[in-house]
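The structure follows.
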Amino acid sequence: MGVRYILALVLMIAVMIGWSLFFGNRFAPEPDESATTETVPSSDTRQMQPDDATQPTPDGTEVSVDTDLWTPLQESPDDAKVNVHTDRYSVVFNEKLAIAKVWELNQFPDRTVEVDEPLNLIPENALSCLALRFANDQLQLDLLNASWRADKSEIDLTAGEGVETLTFRTIIAEKLQVAKQLTFIPGTYFVDLVVTFQNVSGEPLLMGGNEPANGYELQWGRGINADLLPHEKKSGKRGRRGKEGAKVYTGEGNPVRTLKDEQALATVLWAGLDSQYFSAIMIPDPEIAATYKLTETPNASAGADVAVVAPTETVGLVVPGFYLASQQKASHEFRLYVGPKNDKILKTIEAPNDSEIPLHLSKVIDFGFFAPLVWGMLWLFQGFHAIFRNYGLSIILLTAMVKIITYPFTRKAHASMKKMQKLQPELLELKEKYRDDPQKLNRATMRLYKENGVNPLGGCIPWLPQIPLFFALFSLLGGAVELRGAPFLLWISDLSAPDTLIELPFTIPLIVTQIDAIRLLPIINGLTTWLQQKFVGNMTPTTDNMQMKLMQFMPIIFIFIFYNWASGFVLYWLCNNVFTIAQQYLQNRSATDEEPSGSTDTKKRNTSKRK
């Protein structure tokens, strides 16, 4: 049983590592040529110039757009800022460009810094968070040269009371007045946005380009800041992650990065960017019939680091083109959600002006292949947490439940292994007898098993129900924001991160991991693995020397494999080891108690036969 136990663990670890390598690191997806994707050469969103081409006019004729005299406004450190503070988040806007530059979540600290600083979701080089982009080339050129003004310089809602609005205004080429009005509500993670256009010229104005479906874009990007762990920041390498980056949802299936060609003009319910635990999602008024556009900026990845998810991607909601008569106004409403991927919170978010349409924002949470099991596990964890107020205890209770449920299988496997142990002399004789004929040896071995009612795979039966649970917990700790920053006890302060007892002033690079701190939990787990080997060693059928030597090193190998894994997962494995040892001890005592009575019965049967 010991060898099969270790081999089962090795196999599961190998599969997990392989799964992470092939499916987990998707923070910079490869470009997917699609009808909803546009690739631009510039490394700066505000420098994306429209092509020197013709531009339609209201009467249907086309005029040439001259870009020679065009000079766009650039961001400057001296630009005026507008600060908004609520109980949930803090935002810094660049007033001149009317874009968000900082969006900090007050209740979620940045885990890469020692001081208590909130996590900022907007990358430093992102210049399109709430930016507008017109399909009308001349309007776009004029917009990039326009300066915005805000009606307030600061908003403070940290007391959690009241509702405040912030409005940015600009006039483009003395013919189009544009206003962005943002409404901030304490106690929530969403912001309502109304974009208003007014034609202040004496002539009709086309709000669109050559394609009727393309009027203007409301953008967010490039990228979204990653939620790094300290050792990831030090090494410059990110660990396992699920699907991150651009996402769009049309109301059917699951969110995707890009839409198929036949869905290019489909009305979308929401679109945005997400990282491991957080999302920035734009939700249009369903009446707008907005479509989706993903803009790739390949050169942007040159200066990007692991701290940014999808550094080349800018997501856009495209509003269909429309005409504005002289002095006519048009307003479009959006809702912006920037916050944690928390199922309970996401379910409360509604579309602007239409609470009946199901947004299914929870689908932004992707737990992978075992999602149904992960959701069930999360529900169970939350139930335990409501009682004990500790997710670490929830993990221990889950482990105990699994061991109790699988105890009948474990007991049966123990009986099977005892039978195999008694058959070892006969198996060795068969091996010696048929050492030159493997086929006959296999047939004779299986015949012996059958005659004695032994299942050679019986030792693996207890592990079959647990394999999905390993993968489910693996996904849960890597995707459930509820466990982010959840403490257990003593030095284990975050179950979704490796435990750290002492930080080292240096880093030791290894093949499977790196050591930059003393982590006690993987070491204790390695000791329990060694104890389990010793404890169940007498139940293990004889194996060759190479296999035995490999098993001796497995506890040490496990220490290094688990060294930088989430402490919650290592805690689960550690508890599983402890409970397995306890079960084995009880089974051994039970077997010892049964042996005297069994021996007495055998003696009585032998005496009866002689008579």
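The values are calculated or read from the model by the stated rules, or taken from the named source; none is laboratory data. Everything numeric here is computed off the predicted structure, so don't read it as measured data. Note that each Cβ is placed from the backbone with ideal geometry, even for glycine, and that neighbours are counted across all protein chains shown. Areas reflect the complete protein model, heavy atoms only, side chains present, ligands, DNA and RNA absent. Shrake-Rupley method; radii C 1.70, N 1.55, O 1.52, S 1.80 Å.
Averaged over all directions, how much area does the convex hull of the C-alpha atoms of region 377-432 cover when projected, in nm²?
5.6
Near residue 81, which lysines are there with a Cα under 19 Å away, not counting those fewer than 8 places off in the same chain?
Candidates past the 8-residue exclusion: 96, 101, 152, 180.
Using a Debye calculation, one point per C-alpha and no hydration shell, please list log10 I(q)/I(0) for region 468-520 at q = 0.17, 0.20, 0.30, 0.32 Å⁻¹ in order.
-0.68, -0.85, -1.05, -1.08
Given the Cα-Cα distance of residue 421 and residue 518 and 0.36 nm per residue of separation, how much length would full extension add, in nm? Show your work: numbers first, answer last.
Details: separation 97, 0.36 × 97 = 34.92 nm, distance 4.07 nm.
Answer, rounded to one decimal: 30.9 nm.
Under a 1.4 angstrom probe, counting protein chains only, how are 79, 366, 116 ranked by accessible area, largest first?
Working: 79 20, 366 65, 116 135 Å².
Sorted descending by solvent-accessible area, the residues read 116, 366, 79.
Determine by what factor the alpha-carbon radius of gyration of region 193-333 differs from 2.2 N^0.38 Å, reporting the quotient.
Taking N as the residue count of region 193-333, the ratio is 1.25.
Could you check the spin-label model distance between residue 159 and residue 379? Points 7 Å from the Cα along Cα→Cβ, value in nm.
In this crude label model, residue 159 to residue 379 measures out at 4.2 nm.
Based on the Cβ-Cβ distance of residue 389 and residue 116, what FRET efficiency does E = 1/(1 + (r/R0)^6) give at R0 = 25 Å, to the nearest 0.05?
For R0 = 25 Å, the calculated efficiency reads 0.70.
List the lysines whose Cα lies under 18 Å from the Cα of residue 403, skipping any in the same chain that are fewer than 8 positions away.
Once the sequence-local lysines are set aside, what remains near residue 403 is 412.
Rounded, prolate or oblate: which one fits region 262-377, using the alpha carbon gyration tensor with axes a ≥ b ≥ c (rounded when a/c is under 1.5, else prolate when a/b beats b/c, else oblate)? Write down the numbers at each step before the final one.
Numbers: a/c = 2.24, a/b = 1.29, b/c = 1.74.
Judged from the Cα gyration tensor, region 262-377 comes out oblate (a/c at least 1.5, b/c at or above a/b).
Label-point separation (nm) for residue 552 and residue 357, each offset 7 Å from Cα along Cα-to-Cβ?
6.8
Here is a follow-up. In the full protein assembly as shown, how much of residue 405 is accessible to a 1.4 Å probe, in Å² to the nearest 10?
110
A further question follows. Once you place label points 7 Å from the Cα toward the Cβ at residue 401 and residue 371, how far apart are they in nm?
2.2
Moving to a separate point now. Heavy-atom accessible area of residue 169 with all protein chains present, probe 1.4 Å, nearest 10 Å²?
Roughly 120 Å² of residue 169 is accessible to a 1.4 Å probe.
Of 137, 437, 516, 151, which has the most accessible area with a 1.4 Å probe, and how do the rest follow in descending order?
These residues rank, largest area first, as 151, 437, 137, 516.
Shifting gears a bit: Give me, ordered by chain and number, the residues 5 or more places off residue 269 or on other chains with an amide H under 5 Å from its own placed amide H.
Hits under the 5 Å cutoff: 249, 250, 251.
Turning to a different aspect of this structure: Return the FRET efficiency for the residue pair residue 261, residue 78: r is the Cβ-Cβ distance, R0 is 45 Å, and the value is rounded to the nearest 0.05.
FRET efficiency, residue 261 to residue 78: 0.50.
Just reorder 373, 469, 273 by solvent-accessible area, largest first, 1.4 Å probe, all chains present.
Numbers: 373 65, 469 30, 273 0 Å².
If we order 373, 469, 273 from most to least accessible, we get 373, 469, 273.
Find, among the trypsin sites (Lys or Arg not before Pro) in region 407-507, those assigned to loop by DSSP (not H, G, I, E, B) with at most 11 other beta-carbon atoms within 10 angstrom.
The qualifying sites are 435.
Let me ask something additional. Along the charge dipole of region 347-491, Cβ charges K/R +1 and D/E -1, which of 372, 491, 421 sits furthest on the positive end?
With unit charges placed on the Cβ atoms, the residue in question is 421.
Of the listed pairs 341/363; 433/534; 260/293, which have alpha-carbon separations greater than 20 Å here?
The pairs that break the limit, which is 20 Å between Cα atoms, are 433/534.
Please list, short to long, the whole-number percent of alpha-carbon pairs of region 360-461 in consecutive 5 angstrom bins beginning at zero.
2, 11, 13, 12, 11, 9, 7, 8, 9, 8, 6, 3, 1, 0
Along the three principal axes, how long is region 304-362 when you take its alpha carbons, biggest first, rounded to the nearest angstrom?
49, 36, 15
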